[in-house]
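The values are calculated or read from the model by the stated rules, or taken from the named source; none is laboratory data. Note that the coordinates shown come from a computational prediction; the quantities given were computed from them, not determined experimentally. Note: ideal-geometry Cβ built from the backbone for every residue, glycine included; neighbour counts use all protein chains shown. The area values use the complete protein model at the heavy-atom level, side chains included, leaving out ligands, DNA and RNA. Shrake-Rupley method; radii C 1.70, N 1.55, O 1.52, S 1.80 Å.
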Amino acid sequence: MADELKRRLVHSSGAGLVALYLLADYVDLGLTWPRFQVLMVVLAVGTIGLEFLRLQVGLDWTIYDKLTRDYEQNQFAGYGYYMVSMTVAVLLFDPQIALPAMLMLAIGDPISGAVSDDSLKFIKGPKVLVTMFVVSAIIAAPFLYETPLAVLAAALGATIADGVKVRIGDYIVDDNLTIPIYAGLLAWLVLEFVPL
């Protein structure tokens, strides 16, 4: 239980990346969107490098025992998918879409996890789905308030990614990879193609 709480806290710390961009923009520190995109690429490449060292070279830091789950010991870990998906969102979408998509992963996912019974269902229970949707909509609203339908679309994307397991062969796609991408994609589709 203590390790799970630590994982959720580390998960939430990704919100600091969004805060960094927003604060830097607010106080005009020169962290433009293109520079933020470069920063995210550097962080993602660094994360992939750490995973390569852990899995192929045998890098065995104690922190891995605390922050990875048992099934991740011999495969690419969730934190790697987390950084990759946030980076993909930042590269594909404008800030008004990418930033809330990142926060849905950093904040929404641990909150929905806290109300989950951790069962291995194909579709999570109604309480988890509703929690993720509501939290994601609250997160998206300050960024997309001029387009309420985009708020709902982003929240729906995050909820589907969090609540429905995708299986490819024997592999279950990690929701750390899909939450920002689904949320961003559905919001983008509404903004681009739905008459407002």
In whole percent, the Cα-Cα distances of the range 141-196 spread across 10 Å bins from 0 upward as 26, 44, 22, 7, 0
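Using a 1.4 angstrom probe on the protein heavy atoms only, line up Lys165, Lys127, Lys121 by accessible area, largest first. Working shown, then result.
Details: Lys165 60, Lys127 130, Lys121 90 Å².
Correct descending sequence by accessible area is Lys127, Lys121, Lys165.
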Across Tyr145, Tyr81, Tyr171, the residue with the highest GNM fluctuation in the chain (Cα network, 10 Å cutoff) is Tyr171
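With N set to the number of residues, divide the alpha-carbon radius of gyration of the range 89-196 by 2.2 N^0.38 Å and report two decimals.
Dividing the Cα Rg of the range 89-196 by 2.2 N^0.38 Å gives 1.02.
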Rounded to two decimals, the Debye log10 I(q)/I(0) of the chain (Cα scatterers, no solvent) at q = 0.19 Å⁻¹ is -1.40
Expected max-MSF residue from Ile181, Ile138, Ile172 in the GNM of the chain (alpha carbon, under 10 Å) is Ile172
With only helices counted (DSSP H, runs n ≥ 4, each -39500 (n - 2.57)), the per-residue ellipticity at 222 nm for the chain, to the nearest 500, works out to -22000 deg cm²/dmol
Note: the range 105-154, point scatterers on Cα, Debye, no solvent; log10 I/I(0) at q = 0.14 Å⁻¹ equals -0.38
About its Cα centre, the chain carries a charge dipole, from +1 on Lys and Arg Cβ atoms and -1 on Asp and Glu Cβ atoms, whose size in debye to the nearest 20 is 180 debye
Across Leu50, Leu105, Leu144, the residue with the highest GNM fluctuation in the chain (Cα network, 10 Å cutoff) is Leu50
Once Val38 and Lys121 are pulled to full extension, the length gained, defined as 0.36 nm per residue separation minus their Cα-Cα distance, is 26.1 nm
Residue span Ala141 to Asp28: 0.36 nm per residue of separation minus Cα-Cα distance leaves a gain in nm of 38.3 nm
